[in-house]
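Okay, so here's the structure we're looking at.
The values are calculated or read from the model by the stated rules, or taken from the named source; none is laboratory data. These numbers were taken from a predicted model, which means no experiment stands behind them. So basically every Cβ, Gly included, is an ideal-geometry build from the backbone, and we count neighbours across all protein chains shown.
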Amino acid sequence: MSSDAQKGAVKTELGRRYHFAASHRLHSPALSAEENCRIYGKCNNPFGHGHNYVLEVLMSGKIDPATGMIANLADLDGFVEREILDPFDHKSLNKDVAAFNTAVPTTENVCIEIFRRLKTFPNAKLERVRVQETSNNSFEYAGDNPEGFER
Amino acid sequence: MVLLTRKIEFAASHLYHNPHFSPEENRRVFGKCNNPHGHGHNYTLEVTVAGEPDPVTGMVLDLKDLKEILEREVMQRMDHRFLNYEVPELAGQIPTCENIACVIWQLLDPKIKQGKLHRVRLYETPDLFADCYRNGSEGANAR
């Protein structure tokens, strides 16, 4: 059996993946129609388009010896369901999520908004989030926590 | 520094049960993972070693050596085993993904002589995993 001292030499993170499907349109009111078209290309299509997003959430904390867990998955799943999946899944990010009424819903900004919502999880420390927009591109955000990217 | 990762898969069964909890508490905390007969997963283990490539061989460490270490330390111990009853390193612990990953780190770290163990990532399912790193500044700035 591992002693607490041995465990102290190791930092453990819990990773959980979630899936949501949503539409968006990349368009900045600060840019002209031509600039929007040039910068965002087909993502500027006025009717929008969608993705199957994969969200990866990394939590750190002490492993509770009574449960063997950093955070109870039922608690984490319920929290993410409430904070992210209910408001984002099968929604238009631009129209249905208040933060993107103004901010352009690039996946960079989606990461930042998700991090902002999840960092209040009470039972563990949010290290970083990673959002995969397609199988070919993904984005990560660790807030202002420098350690979040040191791994 | 270069990071090298090798992946292996093993299948094992487990159950979550704390003898200090009442049956109701066990069911509430652990849900269906508390089924007394156990259940199983196909685990995927990714082991990442950090080091400088040897100027002669071009290798951080010989993959054959790493494969042998993983076979001896992980596969023989855990593959097609009931983790609660057959893995002494897990005795007295709830065999969660976090705890299994920590045990694997402790088994592998002293055996890896070339390069340094950087990360152990253990997937219990494609959507659930635990990562272990060396605590402290070592390994910082390398993903």
*In this structure, is A:Ser28 small (Gly, Ala, Ser), under 21 Å from A:Glu140 (Cα atoms), more than 14 Å from chain B (Cβ to nearest Cβ) and touching a residue at least 40 places away in the same chain (Cβ under 8 Å)?*
no
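Having 2 or more residues that are more than 30 Å from B:Ala130 (Cβ to Cβ) is the bar; report the helices (runs of 4 or more DSSP H) wholly within region A:33-119 that clear it.
Because the criterion is at least 2 residues that are more than 30 Å from B:Ala130 (Cβ to Cβ), the helices (runs of 4 or more DSSP H) in region A:33-119 that meet it are A:33-40, A:93-96.
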*Considering B:Met1, B:Met59, which residue is among the aliphatic types (A, V, I, L, M) and away from chain A (no Cβ under 14 Å)?*
B:Met59
*Close pairs from region A:57-68: first more than 7 Å from every other protein chain (Cβ to nearest Cβ) and at positive phi, partner surrounded by fewer than 20 Cβ atoms within 10 Å (Cβ to Cβ) and assigned to a strand (DSSP E or B), Cβ under 7 Å, at least 6 apart*: A:Gly61/A:Lys125
_Here's a check for you: in region A:120-149, which residue that is assigned to a strand (DSSP E or B) and acidic (Asp, Glu) is farthest from the other protein chains (Cβ to nearest Cβ)?_
A:Glu133
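Going by the structure shown, is A:Ser23 of a type outside the set (Lys, Arg), at pLDDT 95 or above and touching a Ser or Thr at 6+ places or on another chain (Cβ under 7 Å)?
Working: of a type outside the set (Lys, Arg): yes; at pLDDT 95 or above: yes; touching a Ser or Thr at 6+ places or on another chain (Cβ under 7 Å): yes.
Yes, satisfied.
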*Hey, any hits in region B:9-28 for a residue that's in a strand (DSSP E or B) and either within 12 Å of another protein chain (Cβ to nearest Cβ) or basic (Lys, Arg) (or both)?*
yes
*Take the residues of region A:111-141 that are under 17 Å from A:Lys11 (Cα atoms) and surrounded by 18 or more Cβ atoms within 10 Å (Cβ to Cβ): which is nearest to the chain's Cα centre (by Cα)?*
A:Arg128
*Residue under evaluation A:Arg82, criteria (1) in contact with a His (Cβ under 6 Å, 6 or more places away or on another chain); (2) surrounded by fewer than 17 Cβ atoms within 10 Å (Cβ to Cβ), criterion not met*: (1)
_Residue match in region B:26-35 (condition: over 24 Å from A:Ile70 (Cβ atoms) and either surrounded by fewer than 13 Cβ atoms within 10 Å (Cβ to Cβ) or basic (Lys, Arg) (or both))_ = no
*Counting residues that are at the interface with chain A (Cβ under 8 Å from one of its Cβ atoms) and without any contact (Cβ under 8 Å) to a residue 60 or more places away in the chain, which helices (runs of 4 or more DSSP H) fully inside region B:62-143 reach at least 1?*
B:97-108
